[in-house]
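Q: This is the structure I want to talk about, given as C-alpha cells.
The values are calculated or read from the model by the stated rules, or taken from the named source; none is laboratory data. What you see is a predicted model; the values in this text were computed from it and never measured. Here Cβ is always computed from backbone atoms with ideal geometry, including for glycine, and neighbour counts include all displayed protein chains.
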Amino acid sequence: MVPLEEKTIIQRTSVNDQLVQYMQDAILGGKWKLNEKIPSEADLAEYFKVSKLTVRVALQQLIGMGILEKRVGDGTYVRKFNFNDYIQKGVNYYMHPELLDQVCDFRRGVELKCCELAIQNASEVEFASLQEFSSNFTKLVLSLPHDSDMNLPEDLFNQIADADMMFHRQICVMSHNELLLNAFDMARVPIREYLKIVFKQRIQARMYTQKDITQIRDVHLDIYQALFHHDYETCARCYIEMIDRKIEL
C-alpha cells in the first residue's frame, strides 16, 4: 500500500471551470477563430448538458478576461486579446503606497534590459517615435508657469506624467520582447504615480528657488541619443541617474 503522505491529492474541478477551459482551448486551438461568432448559450447548454446559467457565468468570465465580447442583439464573438486592457481593469485593486518604494528596483530590472534590446532590435520608425515622445515631454515641461506664486496646474502634471510614460513604454516596445512590455504595462499605474510625484516635487523646488525652468536637463533626449548611437553605457548611466533621482532640475 502506498503511504498516505505520498498519495497524489486529486484536485476537484467545478463544471464552470471545465467549461471555461474548454472554450479557452477552442480559441487557442483555432476551433473558434478571431471575430467569429461562437455558439449561443442555448446551444452550449444543450451540448454540455448544463444549465444556461452555468454557460452564462462561464461566458461572463471570458468576457471579463477580454477573450470574448458580447454584441447586443447579435451574440458573443471571439476578440483579439489585449493584455494591457486586461491588466488595467484590475490594476487599481493592487495599487498601494508601498508599491511606490519598489518602482526603482523594478525599472532597473525591466527598462534597462529593454534599452539593451532596443539597441539591437529597434527600427528607424521606432526611433523616430521615441524622438517625438521625447520632444512632446519637453514641450509640456516648458509650458509650466515660471511664477512661483502661481498654483501648479494638476491637469498639466497629468499630461507630463502621461508623456513621460509614453517615452519609457516606447523603449519597451523597441525591445521587441513582449514579456518585458507586458511587465511594464502591469506596473504602469505605480510607475506613473511615482513619476508624477517625483516630477512635481522637483518642479516645486525649482520654482521655490526661482531657478529657470527652461534650463532643465533633457535626460530623455540624452537617452534617445545614446540609444540611437548604440551607446548602451551612456544610456544606462543616464537611466540610473534618472531612476535614482540624481538629475538636477
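Q: In the set Val72, Val103, which member is outside the structural domain of Phe199 (by TED's automatic domain parsing) and at pLDDT below 90? Break it down into steps so the answer makes sense when it comes.
A: Details: Val103 fails: outside the structural domain of Phe199 (by TED's automatic domain parsing).
Just one listed residue meets the conditions, Val72.
Q: Pick out the one residue from Glu116, Glu132 that is surrounded by fewer than 16 Cβ atoms within 10 Å (Cβ to Cβ), farther than 18 Å from Val198 by Cβ, in contact (Cβ under 8 Å) with a residue 24 or more places away in the chain and out of contact with any Lys or Arg (no Cβ under 7 Å at 6 or more places or on another chain). It would help to see each step written out before you state the result.
A: Numbers: Glu132 fails: in contact (Cβ under 8 Å) with a residue 24 or more places away in the chain.
After ruling out the rest, the residue left standing is Glu116.
Q: Identify all residues within segment 12-34 that are surrounded by 15 or more Cβ atoms within 10 Å (Cβ to Cβ) and part of a loop (DSSP other than H, G, I, E, B); write none if there are none.
A: Trp32
Q: Within segment 156-249, considering only helices (runs of 4 or more DSSP H) that don't extend past its boundaries, which have at least 3 residues that are under 20 Å from Asp105 (Cβ atoms), touching a helix residue (DSSP H, G or I) at 6+ places or on another chain (Cβ under 7 Å) and modelled with pLDDT of 90 or more?
A: It comes to 178-186, 232-243.
Q: Report every pair of residues separated by at least 6 positions or lying on different chains whose Cβ atoms are under 7 Å apart, first residue within segment 158-178 and closer than 17 Å to Tyr194 by Cβ, second polar (S, T, N, Q) and outside any loop (DSSP other than H, G, I, E, B).
A: If the second residue must be polar (S, T, N, Q) and outside any loop (DSSP other than H, G, I, E, B), the pairs left are Ala163/Asn136; Phe167/Ser134.
Q: Let me ask something else about it. Among what's in segment 35-81 and is among the hydroxyl-bearing types (Ser, Thr, Tyr) and in a helix (DSSP H, G or I), pick the residue that is surrounded by the most Cβ atoms within 10 Å (Cβ to Cβ).
A: It comes out as Thr54.
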